[in-house]
Amino acid sequence: APMRTLDWVVLIVSLVVIVGYGLHKSRGRQTIRDYILAGKSMPWWAMGLSIMATQASAITFIGTTGQGYVDGMRFVQFYFGLPLAMVILSVTLVPYFHRARVFTAYEVLEQRFDAKTRALTSFLFLVSRGLSCGVIIAAPAVILSIVLGWNQLLTILAIGIPTTVYTMLGGVQAVTWTDVKQMAVILIGVGAVVIVLLAGLPADTSLAGALHLAGATGRLETIDFRFDLTETYTFWSGMLGGLFLMLSYFGCDQSQVQRYLTAGSVNEGRRSLMMSAYAKIPLQALILFIGVLVFLFYLFHSPPMLFNPVHDATLRASERAGEYQALEAEFEVAAQVRGAAARAAAARTTSRTTVRTATPIAAPTASDRDARIAAFTAADAEVEAVRSRAVDLVREVTGDASYRDVNYVFPTFVTTRLPIGLVGLLIAAIFAAAMSSIAAELNSLTTATVMDFYRRHFDRGASDKRYLFVARVVTAFWGLFACAVATYAVSLGSLIEVVNRFGSFFYGLLLGVFVLALVVRRATSRGAFFGLLVGIGAVSWVAIARPEISFLWHNLVGVVAVVAAGLLLSLTEPKPASS
């Protein structure tokens with residue numbers, strides 16, 4: 001069902017309140033310091049919520065739930081390195097940045113090395129973040145356009161323009177306070193969906209029984225201890241590759257560093273990071289678990305064969321429509337068989353009516369239960385086989401070889417299965433998640449552009465008024481740039497992977513330079529600059545020549561290459577003569 005009037009009211013009121021609150025909190029006379037660092041006055045809990053809201057983008061909502069539906073809980077291993085990363089950063093970078101009194105993370109590199117190293121790292125940040133900001137807009141835009149029946153460009157602008165406006169006007173304060181409200185909407189939305197999904201289980205099925213079915217399909221396998229470089233989500237890729245990704249994301253990425261630069265003290269900055277360390281994995285696990293619950297929901301309620309309505313319509317109108325309809329009939333039968341097998345396997349062990357009968361009915365034996373689970377897994381495999389033939393048909397008809405409808409699973413469930421009013425709330429949550437991430441990106445892109453390039457190289461002694469004006473113009477530029485990238489990014493596979501692949505290319509490199517700056521005493525500015533260039537070459541080579549190696553390991557390759565090359569180059573330099 002499309003959005004009803006009440007849904008539109010809930011959506012519009014939620015978004016107006018969120019944006020209005022952010023702008024209200026940031027009003028008053030602003031200096032460039034207020035605009036970028038909120039006058040170093042943000043409370044730790046607001047920063048912590050802001051850090052989490054920045055990460056819980058619409059990609060998390062849409063991509064992670066879809067990932068949970070298709071693949072189960074394994075993706076949570078991606079975050080296993082996070083708590084350790086937060087502890088390391090709290091001890092090292094937070095006090096270091098605080099003492100250095102900087103606006104951007106890359107200013108520190110000029111203090112330690114030279115201006116060209118600062119410029120190159122800041123440039124790498126601008127490229128990676130500018131592009132990924134486009135993907136962060138594209139993810140919800142492509143799905144909401146289909147779900148709401150809007151034009152794709154209109155949806156991109158509906159997400160991108162309001163976010164650009166409030167970021168432009170209010171700076172980091174508007175971004176942070178808006179994030180706090182957005183996080184509240186996201187958590188309420190998540191809670192409401194869980195209740196609806198649990199209520200959707202049949203009366204004679206317990207949650208434990210239903211989860212047994214998810215376990216039988218491998219969706220509850222959370223930890224994989226195999227050491228396999230080609231497997232993306234394992235304990236080791238999360239603890240090692242993920243640790244370096246998180247260290248570089250929270251330690252060298254301006255969008256995150258700017259959060260704890262707004263803290264009044266080192267302890268406030270640490271607290272905000274530790275809040276994220278403790279809350280992120282449970283939140284991520286909950287969102288993945290929603291994907292698993294959606295899978296369980298569709299065992300007992302008829303699922304669509306394809307979750308993307310546009311491809312469904314395309315196939316019905318093509319010359320292979322007959323073949324598609326035959327597949328659909330086959331799918332319906334297979335889904336009914338699976339539903340019956342699921343009910344039999346997940347039913348409570350003793351029926352409530354047995355109390356009234358003279359001869360009690362025995363609970364199923366272990367072998368009987370095993371047989372029912374086996375029947376269910378066979379039926380599930382049949383449903384998946386028919387679905388993959390339908391996906392192959394989509395690929396043949398549309399010519400889109402990489403087609404997957406994983407990103408449509410959750411939005412389709414929201415719009416077709418949630419009660420009136422809740423649809424609007426969930427769409428608002430997806431909008432809020434998108435806007436919080438985009439605002440943080442835009443604000444940090446602006447900060448790096450103005451501070452690392454405009455103020456450093458073009459206009460050193462301008463007035464606050466001048467810098468504020470330039471900052472607002474730059475924010476508008478990056479907002480429009482991200483919207484333009486979004487129009488191209490809409491055709492790229494699982495979007496959460498796209499963003500993390502992107503990040504993994506750059507993050508290890510940035511972290512390597514920071515390691516040279518903070519840990520390697522002997523590192524020189526020449527070593528750092530050329531070590532970074534060697535690192536770019538090394539990661540590019542691994543990405544292109546060895547595509548079978550999972551992208552999470554690119555972080556490790558980047559760090560090792562930059563540090564090793566930087567150290568070697570530094571050691572070959574003659575020591576400066578002591579004066």
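Tabulated results
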{"quantity": "Complete set of residues in segment 249-265 that are in contact with a Ser or Thr (Cβ under 9 Å, 6 or more places away or on another chain), open to solvent by 10 Å² or more (accessible area, probe 1.4 Å) and either charged (D, E, K, R) or over 15 Å from L445 (Cα atoms) (or both)", "calculated": "G264"}
{"quantity": "Members of segment 177-223 that are in a loop (DSSP other than H, G, I, E, B) and within 19 Å of P282 (Cα to Cα)", "calculated": "R219, L220, E221, T222, I223"}
{"quantity": "Cβ-Cβ under 8 Å pairs, at least 6 apart or on other chains, segment 536-561 side closer than 9 Å to F505 by Cβ, far side at pLDDT below 75 and among the β-branched types (V, I, T)", "calculated": "F551/T232"}
{"quantity": "Selected residue (criterion: modelled with the highest pLDDT) from residues of segment 498-533 that are under 19 Å from the mean Cα position of the chain (by Cα) and open to solvent by 40 Å² or more (accessible area, probe 1.4 Å)", "calculated": "F505"}
{"quantity": "Of residues in segment 540-572 being open to solvent by 50 Å² or more (accessible area, probe 1.4 Å) and among the β-branched types (V, I, T), the one farthest from the chain's Cα centre (by Cα)", "calculated": "T572"}
{"quantity": "Given (1) open to solvent by less than 40 Å² (accessible area, probe 1.4 Å); (2) part of a helix (DSSP H, G or I); (3) out of contact with any Phe, Trp or Tyr (no Cβ under 7 Å at 6 or more places or on another chain), number of the condition L306 does not satisfy", "calculated": "(2)"}
{"quantity": "Of all residues in segment 389-420 being of a type in the set (S, T, Y) and open to solvent by less than 60 Å² (accessible area, probe 1.4 Å), the one that is farthest from V194 (Cα to Cα)", "calculated": "T398"}
{"quantity": "Filter pass, F295 being open to solvent by less than 10 Å² (accessible area, probe 1.4 Å) and in a loop (DSSP other than H, G, I, E, B)", "calculated": "no"}
{"quantity": "Unmet criterion (only one of (1) within 26 Å of the chain's Cα centre (by Cα); (2) surrounded by fewer than 21 Cβ atoms within 10 Å (Cβ to Cβ); (3) among the basic types (K, R)) for K116", "calculated": "(1)"}
{"quantity": "Any hit, segment 335-346, residues being at pLDDT 55 or above, touching a strand residue (DSSP E or B) at 6+ places or on another chain (Cβ under 6 Å), outside any loop (DSSP other than H, G, I, E, B) and open to solvent by less than 40 Å² (accessible area, probe 1.4 Å)", "calculated": "yes"}
{"quantity": "Residues located in segment 119-139, provided they are surrounded by fewer than 24 Cβ atoms within 10 Å (Cβ to Cβ), touching a Leu at 6+ places or on another chain (Cβ under 7 Å) and within 14 Å of A448 (Cα to Cα)", "calculated": "L120, L124, L126, G130"}
{"quantity": "Residues of segment 371-388 satisfying the condition of being touching a helix residue (DSSP H, G or I) at 6+ places or on another chain (Cβ under 7 Å), of a type in the set (A, V, I, L, M) and open to solvent by 50 Å² or more (accessible area, probe 1.4 Å)", "calculated": "A375"}
{"quantity": "Among the residues listed as A439, A476, the single one being modelled with pLDDT of 90 or more, over 25 Å from K116 (Cβ atoms) and of a type outside the set (S, T, Y)", "calculated": "A476"}
{"quantity": "Single residue of segment 62-92 satisfying the filter (open to solvent by 40 Å² or more (accessible area, probe 1.4 Å) and not in a loop (DSSP other than H, G, I, E, B)) that is farthest from N407 (Cα to Cα)", "calculated": "V91"}
{"quantity": "Number of positions in segment 460-488 that are in contact with a Ser or Thr (Cβ under 7 Å, 6 or more places away or on another chain) and either of a type in the set (D, E) or not in a helix (DSSP H, G or I) (or both)", "calculated": "1"}
{"quantity": "I32 being touching a helix residue (DSSP H, G or I) at 6+ places or on another chain (Cβ under 6 Å), crowded, with 24+ Cβ neighbours inside 10 Å and in contact (Cβ under 8 Å) with a residue 40 or more places away in the chain", "calculated": "no"}
{"quantity": "Candidates I143, I188, filtered to the one that is closer than 25 Å to I290 by Cα, surrounded by fewer than 20 Cβ atoms within 10 Å (Cβ to Cβ) and in contact (Cβ under 8 Å) with a residue 60 or more places away in the chain", "calculated": "I188"}
{"quantity": "Filtered residues of segment 146-176 (kept if assigned to a helix (DSSP H, G or I) and open to solvent by 40 Å² or more (accessible area, probe 1.4 Å))", "calculated": "Q152, L153, L154, L157, I161, P162, V165, M168, L169"}
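Here is a yes/no grid of residues against (1) open to solvent by 10 Å² or more (accessible area, probe 1.4 Å); (2) closer than 19 Å to S145 by Cα:
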position: L422; (1), (2): yes, yes
position: F431; (1), (2): no, yes
position: S436; (1), (2): no, no
position: A439; (1), (2): no, no
position: A448; (1), (2): no, no
position: D459; (1), (2): yes, no
position: A482; (1), (2): no, yes
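The values are calculated or read from the model by the stated rules, or taken from the named source; none is laboratory data. Just so it is clear, the structure is predicted and the values come from calculations on it, not from any experiment. Cβ coordinates were reconstructed from backbone atoms using ideal geometry, including for glycine residues, and neighbour counts include every protein chain displayed. Side chains included, ligands, DNA and RNA excluded: accessible areas come from the protein's heavy atoms. Shrake-Rupley method; radii C 1.70, N 1.55, O 1.52, S 1.80 Å.
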